[in-house]
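Working notes for the structure below.
The values are calculated or read from the model by the stated rules, or taken from the named source; none is laboratory data. Please read these numbers as outputs of a predicted model, since none were measured by experiment. With ideal geometry, Cβ positions are generated from the backbone for all residues, glycine too; neighbour counts draw on all protein chains shown. Just so you know, the surface numbers come from the protein's heavy atoms only, side chains and all, with ligands and any DNA or RNA stripped out. Shrake-Rupley method; radii C 1.70, N 1.55, O 1.52, S 1.80 Å.
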Amino acid sequence: MADAKQQPADQAETEILATQAVQQFLNACRLTHRDQIADHLMKLCSVAGVVMAQANGAADAADRLNGTADFILKKMPAAPAKLGALQ
């Protein structure tokens, strides 16, 4: 009997997987101070942006990253916040 093909992750599962990936990435980076977080996450965003551009083209990748930047500006605190567990 053939194995049923697994469907792509839905939005809820994708959110969980992304949060876990960021947690694992930051732990693997062995950061020693809070000030290092942004630089390391920017590298992760940069690599993800390059992969998106390779998959869907530069304009689509830029639109997606700009949309994320707009969301951050509108919804996130202006000043650094207390860091806790990811979402």
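Basic side chains Lys and Arg get +1 at the Cβ, acidic Asp and Glu get -1 at the Cβ, and with that the dipole of the chain about its Cα centre reaches some 340 debye.
How do LEU41, LEU17 stack up against each other in accessible area, from largest to smallest, with a 1.4 angstrom probe?
In descending accessible area the options line up as LEU17, LEU41.
For region 7-66, trypsin sites (Lys or Arg not before Pro) are listed when DSSP marks them as loop and at most 15 other Cβ atoms sit within 10 Å of their Cβ; the list is ARG30. Estimated at 0.36 nm per residue, the fully extended path between VAL47 and GLN20 surpasses their Cα-Cα distance by 8.0 nm. Counting lysine pairs in the chain whose alpha carbons fall under 28 angstrom apart, excluding pairs fewer than 8 residues apart on the same chain, gives 4. Kindly report the accessible area of region 1-81 per residue (heavy atoms of protein chains, probe 1.4 Å, no ligands, DNA or RNA), in Å². That works out to 86 Å² per residue. A helix-only calculation puts the chain at -22000 deg cm²/dmol for mean residue ellipticity at 222 nm, using -39500 (n - 2.57) for each DSSP H run of at least four residues, averaged over all residues.
So what are the chain's ellipsoid semi-axes, whole angstrom, largest first, if each one is the square root of 5 times an eigenvalue of the alpha-carbon gyration tensor? Walk me through the numbers on the way to the answer.
Working: eigenvalues 140, 75, 42 Å².
Each semi-axis is √(5λ); the values are 26, 19, 15 Å.
Run the accessible area of the chain with a 1.4 Å probe and give the carbon-and-sulfur part as a rounded percent. Kindly include the intermediate steps, with their values, before the conclusion.
Working: 4550 of 7680 Å².
Carbon-and-sulfur percentage of accessible area, whole number: 59.
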